[in-house]
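Peer 1: Here it is, the structure, as C-alpha cells.
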Amino acid sequence: MNGNNTIKLYTLSTCVHCKALRDYFLLRNLSFDYVDVDLLEGPKRQETLKEVRKFNARCSFPTTVIDGRVVVGFKVDELQEVLDSLRIERGEP
C-alpha cells in the first residue's frame, strides 16, 4: 500500500460485519486504523460519533473512510472499487 493512503474503520465490537471488514483488510495485508465506537466512553465517544456522522449521517456501522472516500457497510465490491481507483494494492505478507 502506498504510504500516503489512509484507511479508517469505524466499527462496533459486537458487529459481525465489522469483524468481517477488519478481516478483509487484514487478509490483504493493508494498513488501517479502526475504532470500536461502542467501547468508547464520555466525550471521546461523543466526538467519535460526531466524526462518523460527517461521513455517514445515519451513523451506521461499519463505516470505512479511505482517503476521504466513504463506504457504509461491508460491501466488498464497493471497497475494491475504491481501493482500485486509488491504486491501493495488497501489502507485502
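Rule-based calculations on the coordinates, nothing more; no lab input. Owing to the predicted nature of the structure, the values given are computational and were not obtained by experimental measurement. For neighbour counting, all protein chains shown are included, and Cβ atoms are generated from backbone atoms with ideal geometry for every residue, glycine included.
Peer 1: Once amide H atoms are built 1.01 Å from N in the peptide plane, which residues 5 or more positions from Tyr34, or in another chain, come under 5 Å H to H?
Peer 2: Here Leu9 satisfy the definition.
Peer 1: Over the chain, how many percent of alpha carbon pairs lie in each 10 Å bin up to the one with the longest distance?
Peer 2: The distribution over the chain is 17, 51, 28, 4, given as percents.
Peer 1: For the stretch 8-13, take each phi angle, set θ = phi - 60°, evaluate the Karplus expression 6.51 cos²θ - 1.76 cosθ + 1.60, and give the result in whole Hz per residue in order, putting x for glycine and proline.
Peer 2: Computed from phi, the couplings for the stretch 8-13 are 10, 10, 9, 9, 10, 5 Hz.
Peer 1: Per-residue HN-Hα couplings for the stretch 36-52, Karplus 6.51 cos²θ - 1.76 cosθ + 1.60 at θ = phi - 60°, whole Hz, x for Gly and Pro?
Peer 2: The phi angles translate into 7, 4, 5, 8, 7, 10, x, x, 5, 5, 5, 4, 5, 4, 4, 4, 4 Hz.
Peer 1: Quick one: helix 76-85 against the long Cα principal axis of the chain, what's the angle to the nearest 10°, folded into 0 to 90?
Peer 2: Roughly 60 degrees between the two axes.
Peer 1: Next question. Nearest-5 percent of antiparallel DSSP beta bridges in the chain?
Peer 2: 65
Peer 1: Using a 4.7 Å cut-off between beta carbons, which cysteines in the chain end up with no partner cysteine at all?
Peer 2: Cys59
Peer 1: Would you mind getting me the FRET efficiency between Ala57 and Ser31? Use the beta-carbon distance for r and R0 = 30 Å, nearest 0.05.
Peer 2: So the FRET efficiency works out to roughly 0.65.
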